[in-house]
1. Which pairs turn up if I take residues in the stretch 222-241 that are at positive phi and look for partners that are within 15 Å of ligand 1 (Cβ to nearest atom) and not basic (K, R) with beta carbon separation below 9 Å, at least 6 apart in sequence or on another chain?
2. Looking at the stretch 115-138, is at least one residue under 23 Å from G54 (Cα atoms), within 16 Å of ligand 1 (Cβ to nearest atom), in contact with a Leu (Cβ under 9 Å, 6 or more places away or on another chain) and part of a helix (DSSP H, G or I)?
3. What residue, of L496, L502, is farther than 24 Å from I349 by Cα, more than 16 Å from ligand 1 (Cβ to nearest atom) and part of a loop (DSSP other than H, G, I, E, B)?
4. Here is a list of conditions, (1) open to solvent by 10 Å² or more (accessible area, probe 1.4 Å); (2) at pLDDT 95 or above, and M178 meets all of them except one; can you say which number that is?
5. For D352, state whether it is within 16 Å of ligand 2 (Cβ to nearest atom), acidic (D, E) and assigned by the TED database to the domain that holds V310.
6. What are the residues in the stretch 449-485 that are surrounded by fewer than 24 Cβ atoms within 10 Å (Cβ to Cβ), within 16 Å of ligand 1 (Cβ to nearest atom) and in contact (Cβ under 8 Å) with a residue 40 or more places away in the chain, if any?
7. Just the residues that are in contact (Cβ under 8 Å) with a residue 60 or more places away in the chain and among the small types (G, A, S), please, taken from the stretch 265-304.
8. Take the conditions closer than 29 Å to P612 by Cα, among the aliphatic types (A, V, I, L, M), at pLDDT 95 or above and surrounded by 24 or more Cβ atoms within 10 Å (Cβ to Cβ) and apply them to A206. Does it pass?
Amino acid sequence: MPAPVTGPRTLYDKIWDDHVVEVMEDGLALIYIDRHLVHEVTSPQAFEGLRTAGRKVRRPDCTLATLDHNIPTISRKNYKSVDTFVAEPDSRAQCSAVEENVKEFGLTYFGLADRRQGIVHVIGPEQGFTLPGITCVCGDSHTSTHGAFGSLAFGIGTSEVEHVLATQTLLQRKGKNMRITVDGELVEGVNSKDVILHIIGLIGTAGGTGHVIEYAGSVFRNFSMEARMSVCNMSIEAGARAGMVAPDEVTFEYLRNRPLAPKGEAWDRAEAYWRTLKSDDDAKFDIEVKISAADIPPTVTWGTSPQDVVSITGSVPDPATMIDPAKRAATERSLAYMGLQPNTRIEEIVVDKVFIGSCTNSRIEDLRSAARVILAAGPDARVASNVYAMIVPGSGLVKQHAEAEGLDTIFRRAGFDWREAGCSMCLGMNPDQLAPGERCASTSNRNFEGRQGAGGRTHLVSPAMAAAAAMTGKLTDVRKYLSAGAEANITQGTKLKSTSALEFLTDPVLPPPQPQPLTHTSGASSTPLPPSSGSSVPKFVVVKGITAPLHMANVDTDMIIPKQFLKTLKRTGLSNGLFYALRFDPKTGEKTPFILNRAPYDQAKILVVSEPNFGCGSSREHAAWSLNDFGIRCIIAPSFGEIFRSNAMQNGMLPLALSPEECKDLAADAEAGVQLEVDLEKQQVRRDNGKPAIAFTVDPFRRHCLLNGLDDIALTLQKEDAIVVFEQRRTAVWPWLDGFGYEGNRIPIVPTKMSKKTEW
Ligand SMILES: CC(C)[C@H](C(=O)O)[C@@H](O)C(=O)O
Ligand code: SF4
């Protein structure tokens with residue numbers, strides 16, 4: 001077991017220590033989860049798992065549900081119900097499933113008729129549901145956003161969602177500490193989005209893997225909460241499951257009087273605790289990165305990974321100048337997908353669409369910053385004739401707030417489409433999508449292939465740069481709009497009212513409703529579900545068979561299973577969707593020569609990836625499910641996206657990290673038709689060509705679970721006594737965390753159903 005930190009501690013160490021329910025022999029810990037956000041894409045199978053096992057939601061008072069990914073962003077003026085409003089049947093089924101689940105399990109829910117509805121990562125902070133010092137999870141990778149409040153917030157897969165719903169805890173191994181310090185003055189036109197894009201460009205999409213990032217230094221101290229959220233949001237794009245900023249006056253000011261934040265004496269107590277939440281002076285970080293603010297330009301992405309960044313004044317990179325063959329091949333592939341020629345000046349790239357929205361940049365400040373650029377361009381500024389530009393506020397309340405400040409008038413007058421809240425074109429699970437070949441300047445966080453629509457091309461930018469691109473029709477240096485003349489335009493133009501968010505946060509805070517047993521009416525009932533993960537985790541002892549090689553770095557989960565396959569209510573039937581864009585020709589639907597389409601690899605049981613960071617990006621457990629459905633039980637790679645890794649193990653699969661040299665060697669063998677035998681019992685990879693076996697080690701607890709087909713929930717339920725003891729202490733030390741909206745809303749804790757004793 002790793003020695004607990006006894007000397008000076010980091011912020012992460014402190015929050016971790018305050019949440020440990022129990023530590024196992026090998027250092028794995030059961031940690032308590034204070035806040036759980038739920039949305040329609042990653043929760044239906046989890047609730048179904050609870051239902052099948054006859055379990056309840058342990059802490060409805062710590063759980064908040066909404067709809068965000070699948071919903072149309074058209075006007076809700078005539079909104080009556082999800083059934084009539086969400087036209088696409090699979091999206092509708094997921095939304096209806098949430099509506100049934102919140103009733104059946106008695107959860108607080110902000111539905112489409114509620115102005116508090118919005119993207120999970122916007123509404124949590126907005127309501128004061130997110131607080132400093134807490135642990136916060138959601139079946140969504142951008143849960144890292146909430147770390148801006150000095151909380152430990154991270155994305156989880158659907159099996160873990162079920163685990164949290166049932167037990168309010170998670171089994172976790174503590175990560176390492178990384179600190180990124182940005183000091184100095186930012187140059188004009190540079191904001192939080194440029195800062196985080198620059199950081200990802202510097203450390204790479206795997207730079208933070210295995211670490212929790214703390215953002216420190218004068219730049220983050222001077223940032224507003226909105227700006228801190230944009231930075232922490234994209235920690236996952238830097239490979240880190242969580243990012244955080246120590247809470248300070250800015251944090252407290254933002255939270256004071258929010259509906260779900262503590263009030264009165266409880267606030268004073270909470271604030272006193274929150275003030276202790278900072279890294280000690282001599283705390284040890286495993287990695288330190290120091291950046292000078294002056295070195296950060298207005299930044300955009302040119303390629304298909306968030307690390308493909310360049311200054312707005314720069315040019316598209318030239319693969320011919322690259323020595324590393326893997327890097328050269330990846331760049332050539334990205335440029336072909338993006339339809340870009342090497343050395344093209346970035347400011348010459350013409351866009352077709354502009355999207356201002358997403359959990360990165362859809363808050364009031366983001367909208368203000370875009371509006372300011374439009375005002376600076378003068379009263380006659382209009383969206384360029386070649387561009388369709390849309391603005392999608394992050395929540396119904398952000399929308400109302402912006403309208404009260406007159407921002408919608410500025411946008412509409414300039415020709416922007418002003419929409420209702422949701423994830424929208426960030427990933428295009430709803431009708432807001434790019435057509436094949438269309439190019440978009442987007443304030444979202446992912447520029448993966450097909451992310452905003454099959455064949456669509458995404459350039460990630462700040463809201464100010466997006467507004468500038470909308471007006472010129474090209475990627476544009478926003479500094480052009482910040483001259484003295486532009487300043488005069490702003491002061492002479494429409495007078496903006498600055499309004500406090502609190503004016504809109506007036507809805508009463510009610511305790512969660514009583515659970516209501518339901519007769520199912522949605523797709524959830526018409527499509528019978530397979531048993532939950534309950535006790536159905538397959539054992540992994542020895543897997544032997546055809547091994548397919550894959551020579552790609554940073555294979556993201558959008559690539560493993562694209563968005564259109566996330567609308568299922570099941571955990572199975574996804575093999576056709578695996579690597580869909582690579583396996584099927586978009587025009588003819590015919591199979592391509594992709595490795596998994598070719599015999600014998602179409603029967604592969606093992607996948608060997610020669611390059612690092614397999615499964616980065618989104619938390620969709622569908623990535624693991626689709627590989628499993630295809631028949632692949634073991635993936636060998638130099639490194640993995642953390643959420644993917646844990647999702648795979650939750651499904652009885654083995655994600656095996658070997659050295660880059662071993663992976664390259666095994667991939668070359670697989671190319672030559674060599675079959676592998678992965679023996680978890682003996683911790684060996686053997687090959688049938690006589691080369692020596694490769695030894696490996698797997699975390700003892702995980703190995704034990706895989707060998708015996710044990711599921712985490714059953715194991716955790718044996719820890720009921722320890723969980724209750726933790727909850728008693730939590731109520732005594734952090735009383736503001738009990739009860740939805742904390743005050744007078746205490747509800748009895750639902751006792752968890754005990755299961756039969758299973759061995760750890
Ligand atoms: C649908 C969800 C699993 C996913 C995520 O985890 O990130 C989505 O929000 C995304 O941005 O791709
Ligand atoms: S990244 Fe996009 S799709 Fe994912 S939660 Fe944020 S807005 Fe929604």
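The values are calculated or read from the model by the stated rules, or taken from the named source; none is laboratory data. Computed from a predicted model, the values in this text were never measured in an experiment. Using ideal geometry, Cβ is built from the backbone for each residue, glycine included, and neighbour counts are taken over all protein chains shown. Protein only, heavy atoms only, side chains kept; ligands, DNA and RNA dropped before computing areas. Shrake-Rupley method; radii C 1.70, N 1.55, O 1.52, S 1.80 Å.
1. The qualifying pairs are G239/T205; G239/C616; G239/G641; G239/E642.
2. no
3. Sole residue among the options that is farther than 24 Å from I349 by Cα, more than 16 Å from ligand 1 (Cβ to nearest atom) and part of a loop (DSSP other than H, G, I, E, B): L496.
4. (1)
5. Here the answer is no, as D352 does not meet what is asked.
6. E449, A454
7. A266, A270, S279, A283, S292, A293, A294, G303
8. Numbers: closer than 29 Å to P612 by Cα: yes; among the aliphatic types (A, V, I, L, M): yes; at pLDDT 95 or above: yes; surrounded by 24 or more Cβ atoms within 10 Å (Cβ to Cβ): no.
No: the conditions fail for A206.
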